[in-house]
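In what follows, a single structure is set out as structure tokens and then discussed.
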Amino acid sequence: MKTLQKAQPNWVTPYLTRDGGFLDIGAHVGTWARAALDAMPQGRVLMVEPRPSPEILALAERDRVTYVQAVVGRTAGDVSFWSRGDQSSCLQAAAPDGSPVSTVSMVTIDAILPEWSVQALKMDVQGMELAALDGATRALREIPVWVIEAWPRGLHCAGGSALELYDRMTEAGFTIWSGSPVTRESVRIWDSGEVSRPMYADWRCTRDA
């Protein structure tokens, strides 16, 4: 199913200018942040990641990088956060049994938007996609390119769905791509479980002209 193409940093680098800006939300080990810095010799990157890996801390030392140790959501505050291997989330309903839990800060995307112009944003927030958008009203207006990893199980645990995420982005004026344009019907079928589906889907969302 073409809807489920795996995202790569080159999904956003063509949209970045020499002195542009990039937001990496759920930066993990900084792969996308490093690619954005390479594409923008004079540009800037803001990384948001609750788990400060050595790679993230090394990137944070660079003068064109800002690092916020947090998760994103609907409101600001402290939240419980579970982590197991490469998986982690503040969505407790999706936590595997026995996952270690810690307390982390939650911020809204709008609250951390930098003064400099942001040309693209990548968001990997493990089921908190809709809550993150609730705190991103200004960002949805101002940032023309978003790459979002959609996780149906996590979205369902949070009381939403991939279809609702699709509707939120299209209603905000975006066209959704994953190798080819993603249709609402293809998302409905994938989200409903009517067909065998991969666990995640990556979407590139670009502002309609």
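Bear in mind that the values in this text are calculations on the coordinates, not laboratory data. From a predicted model like this one, the values you see are computed outputs, not experimental measurements. Note that we place each Cβ from the backbone using ideal geometry, even for glycine, and neighbour counts take in every protein chain shown.
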For the chain, what is the charge dipole size about the Cα centre, in debye to the nearest 20, if Lys and Arg each add +1 at the Cβ and Asp and Glu each add -1 at the Cβ?
300
How far apart, in nanometres, would the label points at Arg153 and Glu115 be if each is projected 7 angstrom from Cα along the Cα-to-Cβ direction?
4.4
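Where both residues lie in the stretch 2-207, what percent of DSSP beta bridges are antiparallel, nearest 5?
55
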Magnitude of the Cβ-charge dipole (Lys and Arg +1, Asp and Glu -1) of the stretch 101-209 about the Cα centre, nearest 20 debye, reported as 120
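Sort Met40, Met123 so the one with the fewest other Cβ atoms within 10 Å of its own Cβ comes first.
Met40, Met123
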Only counting other Cβ atoms within 10 Å, I'd like Trp116, Trp203 sorted with the fewest neighbours first.
Trp116, Trp203
For Arg141 and Ser83 in the same chain, what is the full-extension length gain: residue separation times 0.36 nm, less their Cα-Cα distance, in nm?
17.7 nm
Of Met128, Met106, Pro152, which is farthest along the charge dipole of the chain in the positive direction, counting Lys and Arg as +1 and Asp and Glu as -1 at C-beta?
Pro152
Counting only C-alpha contacts under 8 Å and six or more residues apart, can you give the relative contact order of the stretch 103-209 as a whole percent?
28
Whole Å is fine, so just give me how far the alpha carbon centre of the stretch 1-64 lies from that of the stretch 80-108.
22
Mean separation of Cα contacts under 8 Å (6+ apart) over length of the chain, as relative contact order %
22
Most exposed first by the Cβ proxy, i.e. fewest other Cβ within 10 Å, how do Leu130, Leu165 rank?
Leu130, Leu165
Computed over the chain, the ratio Rg/Rh where both radii use C-alpha atoms and Rh is Kirkwood:
0.94
